[in-house]
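**Student:** Please see the structure below; I have some questions.
The values are calculated or read from the model by the stated rules, or taken from the named source; none is laboratory data. Everything numeric in this text was worked out from a predicted model, so none of it was measured. Positions of Cβ are backbone-derived with ideal geometry, glycine not excepted, and every protein chain shown enters the neighbour counts. The protein model used for the area step is the full one, side chains on, heavy atoms only, and it has no ligands, DNA or RNA in it. Shrake-Rupley method; radii C 1.70, N 1.55, O 1.52, S 1.80 Å.
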Amino acid sequence: LNPNSGIINSMLRLLLGAGAPVLNIDTMAGLIFVQSFTNVPIVYLITLAAMKSLDSSLEEASRVSGRGVLGTFVSVTVPLVRPAVISAFLLAIIGGVGAFEFPFVLGQPGGLHFLATEVYFYAQQRVPPAYGSAGDVSVLYAAITIVCVSAYIWSTRRSFKFQVVTGRSS
C-alpha cells in the first residue's frame, strides 16, 4: 500500500489508469489498520476461552423467562465475559502504545510522531542525545500502563459475583 511502489497501488493504476486513487499506508488510518492485525490474535485467544466456558443454559433460561435477545446479551452474556474482554482491550492498548516497529516504519515517512518514536529520536537521533527528555516520555509510558492496569483491577474487582458453578449434563 505504499503510494509509490505498493503492489496494490500498482495493480489499481494498471486496472483503472494513471489517475486512479492511491492508497497510502503511511497515514494514521494505515497505521491503525496494520497495528490492528497484530492485536487480533491475542484478543481472540483471550476472549475465546471466556466464550467457550460460557454455559448456554444461562442464556436459554433468560430467553425462556421472557428476556429478548438484547436483554439476554446485556444482562447475562456481557457480565460473564466482561473480565476477559476488558483484559484483552487493555492488553491491546498497552501493546499498541508500546509498539515501536509500525510507528517507526510507517509513521516516519508520513511525518507522524508517537511516544515510541519520540523516545528513539531523543536518545538516538539528537546530538547530543537528550536522555532526560527520553526518560520523561518513558515515564509517560509507565503512567499509561499504571492507569490501564488500575482500570482493569477496578473493573474486575467484583468479578466473583459473576462466577457460575454449574454441572454439565452428559
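**Student:** Out of (1) under 24 Å from Phe114 (Cα atoms); (2) over 17 Å from the mean Cα position of the chain (by Cα); (3) of a type in the set (A, V, I, L, M); (4) open to solvent by 70 Å² or more (accessible area, probe 1.4 Å), what's the single condition that is false for Val40?
**Tutor:** Only one criterion is unmet by Val40, namely (2).
**Student:** Moving on. Please go through the stretch 139-154 and pick out each residue that is surrounded by 12 or more Cβ atoms within 10 Å (Cβ to Cβ) and over 18 Å from the mean Cα position of the chain (by Cα). So that I can check it myself, show each step before the final result.
**Tutor:** Filtering the stretch 139-154 for residues surrounded by 12 or more Cβ atoms within 10 Å (Cβ to Cβ) gives 140-141, 144-145, 147-149, 151-152.
Hit for the stretch 139-154 is Leu140, nothing else.
**Student:** Here is a further query. Which one of these does Asn9 not meet: (1) at pLDDT 85 or above; (2) surrounded by 12 or more Cβ atoms within 10 Å (Cβ to Cβ); (3) assigned to a helix (DSSP H, G or I); (4) out of contact with any Lys or Arg (no Cβ under 9 Å at 6 or more places or on another chain)?
**Tutor:** Result: Asn9 passes all but (1).
**Student:** On to the next question. Of everything in the stretch 90-130, what is among the β-branched types (Val, Ile, Thr) and in contact (Cβ under 8 Å) with a residue 24 or more places away in the chain? Give them in sequence order.
**Tutor:** Of the residues in the stretch 90-130, the ones among the β-branched types (Val, Ile, Thr) are 93-94, 97, 105, 117, 119, 127.
Passing the criteria: Ile93, Ile94, Val97.
Yes/no per residue for (1) part of a loop (DSSP other than H, G, I, E, B); (2) surrounded by fewer than 17 Cβ atoms within 10 Å (Cβ to Cβ); (3) in contact with a His (Cβ under 8 Å, 6 or more places away or on another chain):
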position: Leu90; (1), (2), (3): no, no, no
position: Gly95; (1), (2), (3): no, yes, no
position: Phe102; (1), (2), (3): no, no, no
position: Pro109; (1), (2), (3): no, yes, no
position: His113; (1), (2), (3): yes, yes, no
position: Val119; (1), (2), (3): no, no, no
position: Tyr122; (1), (2), (3): no, no, no
position: Pro128; (1), (2), (3): yes, yes, no
position: Val137; (1), (2), (3): no, no, no
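**Student:** So, one more: For Ala84, are the conditions met, namely being touching a Ser or Thr at 6+ places or on another chain (Cβ under 6 Å) and either in a helix (DSSP H, G or I) or in contact (Cβ under 8 Å) with a residue 40 or more places away in the chain (or both)?
**Tutor:** yes
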